[in-house]
1. Scan segment 87-146 residue by residue and report those that are within 17 Å of Gly175 (Cα to Cα), charged (D, E, K, R) and in contact with a strand residue (DSSP E or B) (Cβ under 6 Å, 6 or more places away or on another chain).
2. Could you tell me whether Leu83 is touching a residue at least 60 places away in the same chain (Cβ under 8 Å), surrounded by 22 or more Cβ atoms within 10 Å (Cβ to Cβ) and of a type outside the set (Val, Ile, Thr)?
3. Which of the strands (runs of 3 or more DSSP E) contained wholly in segment 220-282 include at least 3 residues that are at pLDDT 80 or above and within 23 Å of Gly110 (Cα to Cα)?
4. Does Ala321 qualify as being modelled with pLDDT under 75 and closer than 30 Å to Arg34 by Cα?
5. Among the numbered criteria (1) under 25 Å from the mean Cα position of the chain (by Cα); (2) within 24 Å of Thr76 (Cβ to Cβ); (3) of a type outside the set (Val, Ile, Thr); (4) not in a helix (DSSP H, G or I), which single criterion is violated by Arg120?
6. Please go through segment 172-219 and give me each residue that is assigned to a loop (DSSP other than H, G, I, E, B), under 20 Å from Ile31 (Cβ atoms) and among the acidic types (Asp, Glu), ordered by number.
7. Give me the pairs: first residue in segment 50-75 and surrounded by 17 or more Cβ atoms within 10 Å (Cβ to Cβ) and outside any strand (DSSP E or B), second residue hydroxyl-bearing (Ser, Thr, Tyr) and modelled with pLDDT under 95, beta-carbon distance under 9 Å, and six or more apart or on different chains, which are they?
8. What are the residues in segment 173-201 that are touching a residue at least 60 places away in the same chain (Cβ under 8 Å) and among the charged types (D, E, K, R), if any?
Amino acid sequence: MDTNEAANQDMQPEPAAEPAAEPAASKEPVIKIRNLSKIYRDFWGRPKVQALKSLSLDVQPGEIFGLLGPNGSGKTTTMKLLLGLLFPSAGEITILGETATNVEKNERIGYLPEESYLYRFLNAVETLDFYGRLFNISKAERRERVAHYIDLVGLSHAKHRQLKEYSKGMTRRIGLAQALINDPDLVLLDEPTTGLDPLGTRDMKDLILKLRDEGKTVVMCSHLLADVQDVCDRIAILYEGELKQLGRVEDLLTEQGRTQLMTSKLDDTAIAEIQEVIQRHGASIESLDHPTSTLEELFLRTVEESRERPGRRFVAEDAVASDAGTESE
């Protein structure tokens, strides 16, 4: 290489550094509810019951969201509003990027109602094939999906029996298979474990977790709080149509005002002396964290507080203020 070529190479500008990758934009919520209210009116149009009062919440893609509340709190009304079966009195709902009143979006939704209304004289194969036809699924794909979902819900042994011979638990299983036949992006489940024995309940919860692993978004209502605690990422608690609690399950159940210290085995003297004696007795701190309550305790406490203070509702600033107060202690 001659001197000129070397000089030219030295004069070449250095390649520009590649721009740093921009953080991925946050995904749009699958469900966006803003200031949603629903008033049921009597025959003459007079207000009779206000089922929802200024409800606002989001459901993110790929999460399992639990909707809790005592009877009459507005859970079923919320479900029907999401499906477009009812019209809101005020507020807005966006679901899968569409307005709730756009029924075409229901092709991407699977719904398991609290009571499955199925044709009792059809068997499991005929039932799923019938609903597959409603979604215009081809015959070959229909046959494949029917076999897959019957096996998934554990009804292969009874797939040729008429549904009138099914137990309540078996009916819930075929109802779930029917809700999944269109391979939905969003699955709405109303009391999914009703009528199931402990083994069936465990299977149902495992299946719900599997749906999340497949990238589906699940919204479930349930009175069985232990089931919700086992599978849900976030929950909302409603009381008399108002949002009272909203957040991640582990955050809501953590008692921030208390600290739990767990050590290896200590004798009575070490327990009495606590902090000064831990290291002297050769014990190690195995965990240092906040103790948690149960979802049932949180639910009952929220309802009781709502009865005592009926005008109070959840706002995002409450959670921020609570966190700030905990950090300053």
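1. Hit for segment 87-146 is Glu114, nothing else.
2. No.
3. It comes to 234-239.
4. When the stated conditions are applied, Ala321 passes them.
5. Status for Arg120: all satisfied but (1).
6. Matches in segment 172-219: Asp183, Asp185, Glu191, Glu214.
7. Once the first residue is surrounded by 17 or more Cβ atoms within 10 Å (Cβ to Cβ) and outside any strand (DSSP E or B) and sits in segment 50-75, its partners that are hydroxyl-bearing (Ser, Thr, Tyr) and modelled with pLDDT under 95 give Gly69/Tyr239; Ser73/Tyr239; Gly74/Tyr239.
8. Within segment 173-201, Asp185, Asp190, Glu191 meet the criteria.
The values are calculated or read from the model by the stated rules, or taken from the named source; none is laboratory data. On a predicted model such as this, the values are computed, not experimentally measured, just so you know. Counting neighbours? That spans all protein chains shown, and the Cβs are built from the backbone with ideal geometry, glycine included.
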